[in-house]
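Below: one structure, written as structure tokens.
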Amino acid sequence: MKAKHSDPKRASSLPEIPLPFLGRLIHPLIRERRSLAGALSWMGLGILFFFIFIAVFAPLLVPFSQTQPFASPVLQAPSLQHLMGTDNVGRDVLSRVIWGARTSLEIMAIGVLIALAVGFPVGLLSGYVGGKIDRLLVLIMDSIYAFPGLLLAALIAAVIGRGVFNIGIAITVIYIPLYFRVTRSQTLSVREEPYVEAARALGAKSHTVMFSYIAHSAIIAIPVIFSLSSADAILTAAGLSYLGLGLEVDTPGDWGRDLSDAQSFIGVGIWWMSVFPGLMIVILTVGLSFLGEGLNDIINPILRKERS
Amino acid sequence: MPKTGSLITYAVTRLILSLPMLFILLTVVFFVLRVIPGDPIAALLAEGTPPYIVEAVRHSLGLDRPYWEQYLVYLAQIFTGNLGISIGQYFKGQSVLAVILQRLPATAELTIGAMLVASIIGVGTGLIAGVNRDKPVDLIVRLYGTIIFVIPIFWLGEILQIVFAVNLGLLPAQGRFSGLDPPATVTGFYTIDSLLAGRIDKFFIALQHLVLPCLTLGLVLSGFFTKTVRANLLRTISSDYVEAAKARGIPRGRIITRYALKNALIPVVTVLGLQFAILFAGAVLTERTFSWPGMGSLLLLSINTADYPMIQGTIVVYAFIIVVISVIVDIINGLIDPRVRY
């Protein structure tokens, strides 16, 4: 470790010119594709794109219209006509599961994107400015972070009401502290870097230093928590629906509610109502966490190298 | 400075430092329930409730007063232990705090059981993975740690119900107790109360009901322990004092259990505090799946019955519990790792 600093090759080489954000992400992904971390990331990406495909083309993919209940006989076991069976009000489980991908991804996108849009700049500012504002923000964010996320989201959902957008808002509160923490700690670690010092010495304004130089470096930590918080957002949104605090009753697909409805029929051996929606959640969240952990293993060494 | 003295100083400091956190959480709850756009009373009451009734409920709860006044009254009531009177159909007129305290032991019994399951499975699997680094078993355990952590808790609960309660008929699928009368309340923990009453039969009934909920919640939480124990074990195994122990010819098994594992567990305790947030969130879902009459069920019941004081009270008690646990975890940390205290 210590030998690195005295490495003559390193000392004589010019400072690396940082690639743009996507390049810094995609290059290592391609380079590492044969390692375990790379394989996990690509698998996760594949699963994510599969679900995005289902969500976008849901209207074309569903075998049965979901708007009217009792369109088919109730509680049919899986068959060629209904590949995943029908539920207690005669809706095709496969069709509901496909629509569910759309609502889940919508809520997830609203939740994590707003969290990113709030948490990232606030974390940047807090870490850069420091002092009392920083301490206060850290205290607030850490307190919220320590509180059970689902409970807070349930409370907000109960107050602002149902619907895709409202649930997205309710869960975003859980993830703002996460983006804040990660961005702030990245900011702290690059704040004193020579290139930032240099920019300041050359007379760059505070906001230029913050939003061009530091943000550029801090954003590389985002994809990992973006994937992991997305997985958690899917789970939390499904949890809220399961608790009866999620979407409107006539939403065409809602994995959490399906699992809640399935509960009453477990005792009489109706397994398909709970198995299939649950599997969808598991495959998507596992994909997202593979992506997150794979990226983490790929990006962390790069971060360490950049700093050494 | 004497050793015990510094620990007490540390504990007291930590306790004082927890006050801002409590204060912030209470403020967040106030903010969510009263300030953010949306009308909690109208949202909670059934659609089509006449406006004058909504207005009357709001007035009776003091929600029509200025925010600063509401806020001061809210804080004053909480710190005098007065969480208000229920207005829901099930507990109308009862003290909110009394109802919550009645439900608290059920949640405590569930979460403690789940924590036990999670630590046993998590430390066990983490140890196996760490010792067999990069072998197939390590890969399988790591996969387990990743997957189990993102499985929806309620789905896992339903699957366990299908397998163990419906198909195999081994365990009850719902509730805390069945068959006989529950044991007389002393602590509220059915397992402890039945033992206090000397009723082994009741103890086993209570235990049977605990198995599936605790397994469900514990399994999901174990993924975190698996990963943390493995990572820390790998770090301690490669450290100098383990090398030294190896050089002295101490058997490998003994090195792992006596030297490496012990130090690998310290960082686990450090991050344990945050796991309680996941534990309590998971408990709400588990309580719903297994019809477990704890605080999570109470919260849902109060949301469904528009019991505003009960909703607020339950969340406030959760906030208190979270703060108290974070203090306890920190003090335990100071106890096992003296470096933390300075």
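The values are calculated or read from the model by the stated rules, or taken from the named source; none is laboratory data. Treat the numbers as computed from the prediction; the structure is a model and nothing was measured. As a convention, Cβ positions derive from the backbone with ideal geometry for all residues, glycine included, and neighbour counts pool all protein chains shown. Please note that ligands, DNA and RNA were not included when accessible areas were found on the heavy atoms of the full protein model with its side chains. Shrake-Rupley method; radii C 1.70, N 1.55, O 1.52, S 1.80 Å.
Just a yes or no: is a residue in the stretch B:250-260 at negative phi, touching a residue at least 12 places away in the same chain (Cβ under 8 Å), within 13 Å of chain A (Cβ to nearest Cβ) and buried (at least 16 other Cβ atoms within 10 Å of the Cβ)? There is no residue in the stretch B:250-260 that is at negative phi, touching a residue at least 12 places away in the same chain (Cβ under 8 Å), within 13 Å of chain A (Cβ to nearest Cβ) and buried (at least 16 other Cβ atoms within 10 Å of the Cβ).
Taking the condition open to solvent by less than 50 Å² (accessible area, probe 1.4 Å) and at pLDDT 85 or above, does B:Ile200 pass? Judged against the criteria, B:Ile200 is not a match. Taken across the stretch B:28-50, residues that are under 30 Å from the mean Cα position of the chain (by Cα), more than 14 Å from chain A (Cβ to nearest Cβ) and hydroxyl-bearing (Ser, Thr, Tyr) do not occur at all.
Of B:Val211, B:Val163, all but one fail to be at pLDDT 90 or above and over 26 Å from A:Arg257 (Cβ atoms); the exception is B:Val211. Is it the case that the stretch B:307-315 has a residue that's within 12 Å of another protein chain (Cβ to nearest Cβ) and within 15 Å of the chain's Cα centre (by Cα)? Scanning the stretch B:307-315, I find at least one residue that is within 12 Å of another protein chain (Cβ to nearest Cβ) and within 15 Å of the chain's Cα centre (by Cα), so the answer is yes. What about B:Ser302, is it at the interface with chain A (Cβ under 10 Å from one of its Cβ atoms) and either open to solvent by less than 10 Å² (accessible area, probe 1.4 Å) or in contact with a strand residue (DSSP E or B) (Cβ under 8 Å, 6 or more places away or on another chain) (or both)? Yes, satisfied. Just one residue in the set B:Leu97, B:Leu127, B:Leu75, B:Leu143 is open to solvent by 10 Å² or more (accessible area, probe 1.4 Å), modelled with pLDDT of 90 or more and closer than 20 Å to B:Leu301 by Cα; that residue is B:Leu97. Among the criteria (1) closer than 26 Å to B:Leu97 by Cβ; (2) modelled with pLDDT under 85; (3) open to solvent by 50 Å² or more (accessible area, probe 1.4 Å), the one B:Ile336 does not fulfil is (1). Only a single criterion out of (1) under 22 Å from B:Asn132 (Cα atoms); (2) part of a loop (DSSP other than H, G, I, E, B) is not satisfied by B:Phe177, namely (1).
Can you go through B:Ile159, B:Ile147 and tell me which one is within 10 Å of another protein chain (Cβ to nearest Cβ), hydrophobic (A, V, I, L, M, F, W, C) and closer than 25 Å to A:Ser227 by Cβ? Before the answer, list the steps.
Numbers: B:Ile159 fails: closer than 25 Å to A:Ser227 by Cβ.
Sole residue among the options that is within 10 Å of another protein chain (Cβ to nearest Cβ), hydrophobic (A, V, I, L, M, F, W, C) and closer than 25 Å to A:Ser227 by Cβ: B:Ile147.
Being of a type in the set (A, V, I, L, M) and in contact (Cβ under 8 Å) with a residue 24 or more places away in the chain is a property that B:Leu101 lacks. Test A:Arg162 against the criterion of being over 30 Å from A:Thr251 (Cβ atoms) and either open to solvent by 40 Å² or more (accessible area, probe 1.4 Å) or among the aliphatic types (A, V, I, L, M) (or both), and give yes or no. Answer is no for this residue. Just so you know, in the stretch A:81-94 the residues that are outside any loop (DSSP other than H, G, I, E, B) and touching a residue at least 40 places away in the same chain (Cβ under 8 Å) include one that is least open to solvent (accessible area, probe 1.4 Å), and it is A:Val93. Scan the stretch A:259-267 and tell me whether some residue there is within 11 Å of another protein chain (Cβ to nearest Cβ) and buried (at least 24 other Cβ atoms within 10 Å of the Cβ). Yes: one or more hits.
For the stretch B:59-72, a tally of residues being of a type outside the set (Gly, Ala, Ser) and open to solvent by less than 40 Å² (accessible area, probe 1.4 Å) returns 2. All of (1) in a helix (DSSP H, G or I); (2) open to solvent by 10 Å² or more (accessible area, probe 1.4 Å); (3) of a type outside the set (Asp, Glu) hold for A:Ser229 with one exception: (2). Of all residues in the stretch A:176-188, those satisfying the criterion of being within 9 Å of A:Gly127 (Cα to Cα) and either of a type in the set (Ser, Thr, Tyr) or open to solvent by less than 60 Å² (accessible area, probe 1.4 Å) (or both) are A:Thr183, A:Arg184, A:Ser185, A:Gln186, A:Thr187.
Residues in the stretch A:141-152 that are within 7 Å of chain B (Cβ to nearest Cβ) and either in contact (Cβ under 8 Å) with a residue 24 or more places away in the chain or in contact with a strand residue (DSSP E or B) (Cβ under 6 Å, 6 or more places away or on another chain) (or both): A:Ile144, A:Gly149, A:Leu150. Selection over the stretch A:260-286 of residues that are without any contact (Cβ under 8 Å) to a residue 60 or more places away in the chain and β-branched (Val, Ile, Thr) gives a count of 5. For B:Ser194, the stated conditions hold: it is in contact (Cβ under 8 Å) with a residue 12 or more places away in the chain and open to solvent by less than 10 Å² (accessible area, probe 1.4 Å).
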